[in-house]
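Trainee: A single structure is presented below for examination.
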Amino acid sequence: MNLKMATRHALFAILELADHPRAQISSAQIAEKYAISPNHLSKVLRTLVCKGLVEAIRGAGGGYSFVGNAKRVTLLDIILIFEEIGTPPSHKQEPGDDTAEGQALRMVMGEIDAISRATLSSITIDTMLKISRRTPGIGSAVHAL
Amino acid sequence: MPTLAANTEFEIRPAAAADLDAVIHLDTQITAMPKVEYWHGIFERFGRRETDGFFLVATSGEGVLGFVVGEIRAWEFGSDPCGWIFAIEVSPDLRMNKVGTALYAALCANFRKAGVSRIRTMLARDAQLVMQFFRSQGMMAGPFIQLEKELDE
Ligand SMILES: CC(C)(COP(=O)(O)OP(=O)(O)OC[C@H]1O[C@@H](n2cnc3c(N)ncnc32)[C@H](O)[C@@H]1OP(=O)(O)O)[C@@H](O)C(=O)NCCC(=O)NCCS
């Protein structure tokens, strides 16, 4: 399963901000650490502000901070802001869908989607930070803020 | 959310026969399915064992706050012996006070003492709260997938 670029940016931003609860962090700092485009990241941060997960403080010393509850917000909550997991209810019919084979394929893919959802909804931001702390980064892409 | 008073101490100890009514009451409150015989059976199987099955309760002056049950299973589908945790419940009024964490840690300590180095559990996919709890303890997906089928299909 691959996540869209915007979703990955959002997850990185939330994890970075939640890991520094009292700090104001600029989008440039986050973009640099994760080697991602500052422009794309700014758009994603605007969406997260609209959703009430992130707060932006303007001016000198300003930046972004996480204002959600890290013990309650799950990876799935964030991902669903940017993309569907599995086949959306609005899914349009595709050729072959009506056949027994098409239905069987749907059933098997549905199993995978259900497991993905259960996994992503069981991991809160707080737990994800614990997992990150136990997981070493690779090579030079590890920066401290 | 009620919290345990700051100075309320609770202890984790092996379940005794006298705890069973409170355990059954708590389980009925949580699952809405009274299973009196089942819990007496669990106590018979695990309450009296000390090396490969553990039935622990968290208690304070207020009575039983929660419980956990686990056993060591060996060589299922080729797996090395590992500790299975198959029930954990904390009184709804007293959650988020680390009682679940203390029960989990005590069971892990018993498993470790018994010589196993891995702990496993199986959960309903939609049991989000318990799944979040186990994830917060550092548990990740294991190498097994559960499959099932209606026998008369
Ligand atoms: C799962 C359960 C045992 C947790 O007990 P608890 O005493 O509340 O757990 P703790 O206070 O030790 O919580 C430990 C961690 O679990 C996670 N957690 C617990 N409750 C949570 C909740 N409501 N939402 C999100 N995460 C939660 C948190 O990460 C928490 O970490 P923190 O202490 O740093 O906040 C309890 O909620 C329970 O009994 N649930 C019902 C269980 C059940 O249905 N059993 C039947 C099948 S076995």
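Yes or no, residue by residue, for (1) at pLDDT below 95; (2) farther than 27 Å from A:Thr124 by Cα; (3) more than 16 Å from the ligand (Cβ to nearest atom); (4) out of contact with any helix residue (DSSP H, G or I) (no Cβ under 8 Å at 6 or more places or on another chain):
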position: B:Gly47; (1), (2), (3), (4): yes, yes, yes, no
position: B:Gly61; (1), (2), (3), (4): yes, yes, yes, yes
position: B:Gly66; (1), (2), (3), (4): no, no, no, no
position: B:Trp75; (1), (2), (3), (4): yes, yes, yes, yes
position: B:Pro81; (1), (2), (3), (4): yes, yes, yes, yes
position: B:Trp84; (1), (2), (3), (4): no, no, no, yes
position: B:Ile88; (1), (2), (3), (4): no, no, no, no
position: B:Ser91; (1), (2), (3), (4): no, no, no, no
position: B:Gln146; (1), (2), (3), (4): yes, no, no, yes
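Trainee: Which one of these does A:Thr7 not meet: (1) open to solvent by 30 Å² or more (accessible area, probe 1.4 Å); (2) in a helix (DSSP H, G or I); (3) of a type in the set (S, T, N, Q)?
Mentor: With respect to (1) open to solvent by 30 Å² or more (accessible area, probe 1.4 Å); (2) in a helix (DSSP H, G or I); (3) of a type in the set (S, T, N, Q), A:Thr7 is out only on (1).
Trainee: May I ask you to verify whether B:Lys98 is within 16 Å of the ligand (Cβ to nearest atom) and within 14 Å of chain A (Cβ to nearest Cβ)?
Mentor: yes
Trainee: From (1) open to solvent by 90 Å² or more (accessible area, probe 1.4 Å); (2) farther than 27 Å from A:Ala23 by Cα; (3) not in a helix (DSSP H, G or I), pick out the condition that doesn't hold for A:Gln103.
Mentor: Result: A:Gln103 passes all but (3).
Trainee: If you don't mind, there's one more thing I want to ask. Looking at (1) open to solvent by 80 Å² or more (accessible area, probe 1.4 Å); (2) in a helix (DSSP H, G or I), find the lone condition where A:Asn2 falls short.
Mentor: A:Asn2 satisfies every listed condition except (2).
Trainee: Got a number for residues in region B:23-80 being open to solvent by less than 70 Å² (accessible area, probe 1.4 Å) and part of a helix (DSSP H, G or I)?
Mentor: Looking only at that region, the number is 14.
Trainee: Next question. Are any of the residues in region A:114-130 away from chain B (no Cβ under 13 Å), in contact with a helix residue (DSSP H, G or I) (Cβ under 7 Å, 6 or more places away or on another chain) and small (Gly, Ala, Ser)?
Mentor: no
Trainee: Of all helices (runs of 4 or more DSSP H) completely enclosed by region A:26-98, which ones contain at least 2 residues that are within 30 Å of B:Arg95 (Cβ to Cβ) and open to solvent by 50 Å² or more (accessible area, probe 1.4 Å)?
Mentor: Working: elements: A:27-34, A:38-50, A:75-82.
The helices (runs of 4 or more DSSP H) meeting that bar are A:75-82.
Trainee: While we're on this one: What are the pairs with Cβ atoms under 7 angstrom where one residue, in region B:86-110, is within 12 Å of B:Ile12 (Cα to Cα) and the other, located anywhere, is assigned to a helix (DSSP H, G or I) and within 6 Å of the ligand (Cβ to nearest atom)? Sequence gap at least six, or different chains.
Mentor: Taking only residues 6 or more apart or on different chains, the pairs are B:Gly100/B:Phe133.
Trainee: How about region B:101-144: which of its residues are more than 8 Å from the ligand (Cβ to nearest atom), open to solvent by less than 50 Å² (accessible area, probe 1.4 Å) and either away from chain A (no Cβ under 14 Å) or among the charged types (D, E, K, R) (or both)?
Mentor: Within region B:101-144, B:Ala106, B:Leu107, B:Cys108, B:Ala109, B:Asn110, B:Phe111, B:Ala114, B:Val116, B:Ile119, B:Arg120 meet the criteria.
The values are calculated or read from the model by the stated rules, or taken from the named source; none is laboratory data. None of the values given here were measured: they were computed from a predicted structure. For neighbour counting, all protein chains shown are included, and Cβ atoms are generated from backbone atoms with ideal geometry for every residue, glycine included. The protein model used for the area step is the full one, side chains on, heavy atoms only, and it has no ligands, DNA or RNA in it. Shrake-Rupley method; radii C 1.70, N 1.55, O 1.52, S 1.80 Å.
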